[in-house]
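The values are calculated or read from the model by the stated rules, or taken from the named source; none is laboratory data. Model, not experiment: these values are computed from the prediction. Reconstructed Cβ throughout: ideal geometry from the backbone, glycine too, with neighbour counts over all protein chains shown. Only protein heavy atoms, including side chains, enter the accessible area calculation; ligands, DNA and RNA are left aside. Shrake-Rupley method; radii C 1.70, N 1.55, O 1.52, S 1.80 Å.
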Amino acid sequence: MLKRLEIKTSARNQLVDITSSVRSFLKSEDVSSGVLVVYVPHTTCGITINENADPAVKEDILSFLEKLVPVSGGYRHAEGNSDAHIKSSMIGSSVTVLVESGSLVLGTWQGVYLAEFDGPRKRSVLLKVVADQS
Amino acid sequence: MLKRLEIKTSARNQLVDITSSVRSFLKSEDVSSGVLVVYVPHTTCGITINENADPAVKEDILSFLEKLVPVSGGYRHAEGNSDAHIKSSMIGSSVTVLVESGSLVLGTWQGVYLAEFDGPRKRSVLLKVVADQS
Amino acid sequence: MLKRLEIKTSARNQLVDITSSVRSFLKSEDVSSGVLVVYVPHTTCGITINENADPAVKEDILSFLEKLVPVSGGYRHAEGNSDAHIKSSMIGSSVTVLVESGSLVLGTWQGVYLAEFDGPRKRSVLLKVVADQS
């Protein structure tokens, strides 16, 4: 099954923790072994895995990317969000997580984040499990 | 099945839209639900998903990366393409796309691109679907 | 099956070639067609694919990232490894490789690397194959 999460972001740049929604989805699927893909059907945000403990890590990642990819940089795309498109390709539009014994195999400090680069917006995040039956 | 696309790039840095080839491949496979992986077996190019409408977005992404990762930067690798190797690891060598009801689940503005960083060259892009049978 | 590799890194920044371990794991699994995911359950390292021939490429990638993401950069996270968290999200926490006829489909010059950004440390790398039975 394909699950669609609807997420409202609240800032231009934001990391939104979606780990618990991903875990809930996995519970609803009857899959003991496989992979779970978290995917955004957008081109100005991404999906990333990073620390779930100290919120300062999220701020450091976002601040670094804001300095690295300036909002105004002599871009040709006229919508004023070329920085968001660039960050989207740098971070990537999906992550793949392992599923074993019916559980998500995340490290202790890992959380799954929607990486908003052109908010505030309403975003979709798509979830799908592929079972391994080998 | 593994499908190999052969693509001739025409510039040192280029984003080549391969979305229609990916869709054609999926049609030829009889898979209703699963994931499709787009992979490059090269180390100086990558695969990325980004906007398929305004071509200026592609130019902005490529120009930004060219400024960020200079061609000559005091590198140790003697072949003169260290910038391309670096960009390859930043962008990544594959993307994973979802398949549902036999169709590629791409957002309205998403296209799949071969990201050439050391062209013009003849490149291979590998496509594979993994069906979910859970 | 889920395989866990235990890897001791020896420097703060290091690319450790794990290609032969990935191939050995695949041999032990009886899968002829599918995908293999290489995943790190950590937030200060990543997984990448790049050149396996000239070791200068690894040095160029690491040096570039060290210059791009400084160790001290006015970060808020107090553990002194914000640079490693940032690099982790830029490089990504997994790669997906294709499996065909029971073999890993890597390009001639491709190797799979654990990208350490906060070593020396003991790291785990998780490997899982998902078989395609379509």
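How big is the charge dipole of region B:45-134 about its Cα centre, in debye rounded to the nearest 20, if each Lys and Arg gets +1 on its Cβ and each Asp and Glu gets -1 on its Cβ?
On the way: 8 positive and 11 negative charges, 70 e Å.
With only Lys, Arg, Asp and Glu charged at Cβ, the dipole is about 340 debye.
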Report task. Pop out the ³J(HN,Hα) list for region C:54-64 in order, Karplus 6.51 cos²θ - 1.76 cosθ + 1.60 with θ = phi - 60°, rounded to Hz; leave Gly and Pro as x. Result -> 7, x, 5, 4, 4, 5, 5, 5, 5, 5, 4
Query raised in the report: What does the charge add up to near residue C:59, with Lys and Arg as +1, Asp and Glu as -1, over the other residues with Cβ less than 12 Å from its Cβ?
Result: -2
Query raised in the report: Quick one: accessible area per residue over the protein assembly as shown, 1.4 Å probe, rounded to a whole number of Å²?
Result: 38
Query raised in the report: Which of the aspartates and glutamates could a cross-linker span from residue A:58 if the Cα-Cα distance has to be under 13 Å and same-chain partners fewer than 8 positions apart are dropped?
Result: A:17, A:66, A:116, C:83
**Report entry** Value of relative contact order over chain C, rounded to a whole percent, pairs C-alpha under 8 Å and six or more apart
**Finding:** 53
Query raised in the report: How large is Rg over Rh for region B:37-134, taking Rg from the Cα atoms and Rh as the Kirkwood inverse mean of 1/r across Cα pairs?
Result: 1.03
Query raised in the report: Which residues does a label at residue B:66 reach in region B:1-45, if reach means a backbone N under 18 Å from a point 7 Å past the Cα toward the Cβ?
Result: B:9-17, B:45
Query raised in the report: Cβ under 11 Å from residue A:77's Cβ, residue A:77 left aside: what net charge do those residues give with Lys, Arg +1 and Asp, Glu -1?
Result: -4
Query raised in the report: For the cross-link pairs B:67/C:8; A:128/B:3; B:122/C:27, which exceed 29 Å when the distance is taken from alpha carbon to alpha carbon?
Result: B:67/C:8; B:122/C:27
Query raised in the report: Rounded to the nearest 100 Å², what is the sum over both chains of accessible area buried where A meets C, with a probe of 1.4 Å?
Result: 2600
Report task. Place a +1 charge on the Cβ of each Lys and Arg in the protein assembly as shown and a -1 charge on the Cβ of each Asp and Glu, then give the dipole magnitude about the Cα centre in debye, rounded to the nearest 20. Result -> 80
Report task. Would you be so kind as to identify which of C:45, C:108, C:91 lies farthest towards the positive end of the dipole of chain C, taking Lys and Arg as +1 and Asp and Glu as -1 on Cβ and the Cα centre as origin? Result -> C:45
